[in-house]
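What follows is a single structure, written as structure tokens, with notes after it.
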Amino acid sequence: MKRLITSLTVVLIATASLANTPITVKAGENRSFLISNGNGTYLYGSTGDEWDEGWMGLWVNRERVVGPIRVVDKNGNLLRLSHADCVIRPRSVEWHWGDSQKLFVLHLDPLSDTLRYWGLAGMVFEQSDYIRPPAIDTSAMAGFTPEPRLYLDGEVRPFIQGITITGDWALDADLNWSEAQLLNLLAEDASLLYAGIPWFNEGWGRDTFISLPGLLVTGHHDIARKLLMRFAGWIDRDPNSPTYGRIPNRVRPGEDIAYNTADGTPWWMREVYEYGIYSGDYSLWDELLSDSGAMRIALDAAVLKSDSLGFLMHGDADTWMDAVGPDGPHTPRGNRAIEVQALHYAAFDNATRMTHNVNPKWRETAEKIRRNFLANYLAPSKDYFYDRLMADGTPDTTMRPNQMFAFTVPYTPLVPPSFETTVTKSVASELFYEHGVLSLSPRDTCFHPFHMDWHYPKDNAYHQGIVWVWNSGPAKSLLIRQGRGDLALKMMEYEAWHMRERGMVGSLPELFDAVKRPENDYINWSGTASQAWSLAEFLRATYQDFLGIRPVLYGRVDPFWLFAPRIPDEWGKVETRVICSGTPIWVTMQQFGDSTVIDLKAETAPKSPLPVKFFDVARGITGEINTTDPLHVVYRHKDGYMLVDGKPTAEYKLTGWPYDKGPQDLKFAPPIKKLDFASLKDPDWKILTGKDIHRDIALSLLMDRVTDPVGDEAYTYPTDENFKDGILDLTQFEVRDNKDSYYFELKTDKLHQPGWHPEYGFQLTYAAICLHTKDSRRTDVRANSNLELDTPFDRIIYVGGGLRVEDGFGKIVGEFIPRDNKDQFGDVSTSTISFCLPKSLFPTHDDSWEWTVLCGAQDDHGGAGIGEFRLVKAIAERWSGGGNTNNGSNIYDRLSTLGQ
């Protein structure tokens, strides 16, 4: 049921932190923004007039209830948003049209699903069924600023923990914005974290727990606990299930759940461990590791799925590199990916410190992994790790960033520290750039420099070269650990610049292209505009690596807390509040030319002595915090003395940035200067353009119009709301021609455009048009149709996210890939798909020509491209149809001229 968004009295409170550092987008610019109530209701929009019809608007419980915003003045005249300066805060957005009396404000109420608004000079929303004008006179409210606050557990509380960098206020604001935007992705009473906006507004297990450290370092431990426990409740407890012991990969509570992830569960278990360390709440460990606890089930199931070497076995698309196309996984990584083994080891290793009731097989499996890891994953050159072991034991030598996690995931080292230096140098020299980490080496023949390019569907490139922003986090960790924090700082500054100047206001996207396009000034961003794990890793690396505040084992069962800042002088004084094993501590640190200074003050006395270490894990100052007395610690650069409250306590000369330049043979990869990649080569067949398929032709009739009754589809539709009734029901087909082109037109009872790919004009309808001639031989329709025709055909035209023409031997002879909205060939208003194709793609016409048109649901596997017919099962599911009980075809409807 649609919700009515009404105007209520707006109570505005004096602001703090983020409200005093809004981001202003000047008139004429067009940037997306996200304001949220932190509980799943959000407005995704644009500062200008370019609102995405498919995704932008007000969303409540994953349903878009209001589309693009339109503002009118008191006379009913439409106001152009692009003519106004726009000021954005995490809960509100304001448009200023120059005149002080022209101001319009939208504000999301943290206590409800209500979008509140007010405007000066009589400005209101354009009337609609879902939005009404203000019920009060708001003309006296100018000058108020909405306070960003988070509604959780029945109380209103400060929105962000925050950090202050006195020497770099821009970076200070970027860090606080990243925390706010991460919290903006929370839903369902903070028990679900959306992976990304706009289209990943669901709970993703892997994404959630890669993101959890971003919540832990910023003190949001109650939220972290909710997320951990909710996913624990979804663990597969059926011993006979192939996914026994897994948490979901993707979940829509009450609607849809999928367990296709091998790494999501060990990421979850790692964060169960980290939650206890950060919060000091060990009751969660006791509950999840009880005899029937979810973590115990997960660990025991992982033992069963381990091979003789201790390695966890899994499918080709079960890792974070999970893109799948019509021909299967684009980046097959079965059956033992390297990061999965690092996580697998960490899960068992951590569990032995979390409970006294340890299954002996946990220790045994952890030891097997540790003992066999180097022998099976380290390349003979000893400077990089294999990306995976295949089912037959053959190593995959592809250079990918996943080997970073062998060092950054385990608390107890999986490999000797000496290998970290050589491997980091090797990986950085091929994959690390200022704008991020490439997902594949440019030397690889499968390298794709751009996410979106007409040469290939975008999922072909998803993990084949382009940058995943979250991978910059572990890269920065390694660079700082290896003494090149200056390079890590360049990566951080690039991300911060993006938040301020490009993309979604104050947020980080899912992806960057690997390379700048020659016609552009900057590298393109892509994917979701705001991605949880990108934001979380930006925060985690800042706190754990630049500020150096993190838990460390170093030969201990219980961790101590390390304070080892690696910050530049220009940051000035850095102030923040962290929670270490449940104890809140105020931290001030600053880098001077001759010294590094740290001041700590516990907000409350620790319940038990808190072990701490300063400046260096092995040789730094060791101590405990027992009281709320302030602690003043100094490292003196010239002689290496470390002083506590003025007294020399340790002596050790620190190396690496910022104390020296660090190893200069550790550096970024060289610039990519040539775009001579195989992925950008033109294919052998004819590539059609929008001009080719939209030609004006004299419509002489080639074939009598064929019609079909409404409502005769063979199967039930998939249950997702976007599979609208009628989109798979053919009603009409005709072919016309002129001198050099054929014109095709097919109609369905309904055509739908969900907005995912506006350049098509429609989506989720898929058709195959078969041309029967006297010389035809082919009968197999292919494209996952599961159908062979009784009458052979000589040409087939696949119609989906583009057009593809194949001959009777299955060879592609022509293809059209829409590149922008001008290329649309579907019209939802008339339920018509129409296009022209050159006659050169077809045999010479004669009187034997007949036609068969097949219709089904389109499946592009989430990665664009022409796609194929969507699977029909016995029982309909969210993404598959129902009613196919005898392994029949995946065709819903057909039209044919045969026999007519």
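Summary of values
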read-out: The one condition in (1) among the charged types (D, E, K, R); (2) in contact (Cβ under 8 Å) with a residue 60 or more places away in the chain; (3) farther than 28 Å from Ser608 by Cβ that Asp558 fails to fulfil; value: (3)
read-out: Criterion violated by Pro442 - all others in (1) open to solvent by 10 Å² or more (accessible area, probe 1.4 Å); (2) in a helix (DSSP H, G or I) satisfied; value: (2)
read-out: Residue match in region 462-479 (condition: touching a residue at least 40 places away in the same chain (Cβ under 8 Å), surrounded by fewer than 22 Cβ atoms within 10 Å (Cβ to Cβ) and not in a helix (DSSP H, G or I)); value: no
read-out: Matching residues, region 279-323, being open to solvent by 10 Å² or more (accessible area, probe 1.4 Å) and more than 30 Å from Arg333 (Cα to Cα); value: Ser279, Gly280, Asp281, Tyr282, Ser283, Trp285, Asp286, Glu287, Ser290, Asp291, Ser292
read-out: Condition broken by Val828, with the remaining ones in (1) free of Cβ contacts under 8 Å to residues at least 40 places away in the same chain; (2) surrounded by fewer than 20 Cβ atoms within 10 Å (Cβ to Cβ) satisfied; value: (1)
read-out: Region 40-57 - residue that is without any contact (Cβ under 8 Å) to a residue 40 or more places away in the chain and part of a loop (DSSP other than H, G, I, E, B) and, of those, surrounded by the fewest Cβ atoms within 10 Å (Cβ to Cβ); value: Glu50
read-out: Odd one out for Leu898 among (1) within 30 Å of the chain's Cα centre (by Cα); (2) modelled with pLDDT under 95; (3) hydrophobic (A, V, I, L, M, F, W, C); value: (1)
read-out: Any chance Asp827 is under 25 Å from His752 (Cβ atoms), acidic (Asp, Glu) and at pLDDT 95 or above; value: yes
read-out: Conditions (1) of a type outside the set (A, V, I, L, M); (2) open to solvent by 30 Å² or more (accessible area, probe 1.4 Å); (3) in contact (Cβ under 8 Å) with a residue 60 or more places away in the chain: number failed by Lys691; value: (3)
read-out: Checklist (1) in a loop (DSSP other than H, G, I, E, B); (2) hydrophobic (A, V, I, L, M, F, W, C); (3) in contact with a strand residue (DSSP E or B) (Cβ under 7 Å, 6 or more places away or on another chain) applied to Ile277, failing item; value: (1)
read-out: Those residues of region 420-439 which are open to solvent by 10 Å² or more (accessible area, probe 1.4 Å) and part of a helix (DSSP H, G or I), in sequence order; value: Glu420, Thr421, Thr422, Lys425, Ser426, Ser429, Glu430
read-out: Leading residue by the ranking (surrounded by the fewest Cβ atoms within 10 Å (Cβ to Cβ)) among those in region 58-108 that are of a type in the set (Lys, Arg) and modelled with pLDDT of 85 or more; value: Arg80
read-out: The lone exception for Glu519 - which of (1) modelled with pLDDT under 95; (2) part of a helix (DSSP H, G or I); (3) in the same structural domain as Val437 (by the TED database) it fails; value: (2)
read-out: Out of Thr588, Thr528, Thr542, sole residue that is on the phi < 0 side of the Ramachandran plot, surrounded by fewer than 22 Cβ atoms within 10 Å (Cβ to Cβ) and not hydrophobic (A, V, I, L, M, F, W, C); value: Thr588
read-out: Every residue from region 445-461 that is modelled with pLDDT of 95 or more and open to solvent by 10 Å² or more (accessible area, probe 1.4 Å); value: Thr445, Cys446, His448
read-out: Test: residue in region 846-859 that is of a type outside the set (Phe, Trp, Tyr) and at positive phi; value: no
read-out: Residues of region 605-621 that turn out to be more than 17 Å from Arg566 (Cβ to Cβ), of a type outside the set (S, T, N, Q) and open to solvent by 20 Å² or more (accessible area, probe 1.4 Å), as a count; value: 4
read-out: Subset of region 569-585 that is assigned to a strand (DSSP E or B) and not β-branched (Val, Ile, Thr) - its residue that is surrounded by the most Cβ atoms within 10 Å (Cβ to Cβ); value: Cys580
read-out: Criterion (out of contact with any Pro (no Cβ under 8 Å at 6 or more places or on another chain), within 29 Å of Pro329 (Cα to Cα) and open to solvent by 10 Å² or more (accessible area, probe 1.4 Å)) met by exactly one of Asn260, Asn249; value: Asn260
read-out: Residues of region 629-640 that turn out to be part of a loop (DSSP other than H, G, I, E, B) and either exposed (fewer than 15 other Cβ atoms within 10 Å of the Cβ) or small (Gly, Ala, Ser) (or both), as a count; value: 5
read-out: Among the candidates Phe723, Phe744, residue that is under 23 Å from Glu868 (Cα atoms), assigned to a strand (DSSP E or B), modelled with pLDDT of 90 or more and in contact with a strand residue (DSSP E or B) (Cβ under 7 Å, 6 or more places away or on another chain); value: Phe744
read-out: Ser848 open to solvent by less than 20 Å² (accessible area, probe 1.4 Å), assigned by the TED database to the domain that holds Glu734 and touching a residue at least 40 places away in the same chain (Cβ under 8 Å); value: no
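The values are calculated or read from the model by the stated rules, or taken from the named source; none is laboratory data. These numbers were taken from a predicted model, which means no experiment stands behind them. We place every Cβ from the backbone using ideal geometry, glycine too, and count neighbours over all the protein chains shown. Note: areas computed on protein heavy atoms with side chains; ligands, DNA, RNA excluded. Shrake-Rupley method; radii C 1.70, N 1.55, O 1.52, S 1.80 Å.
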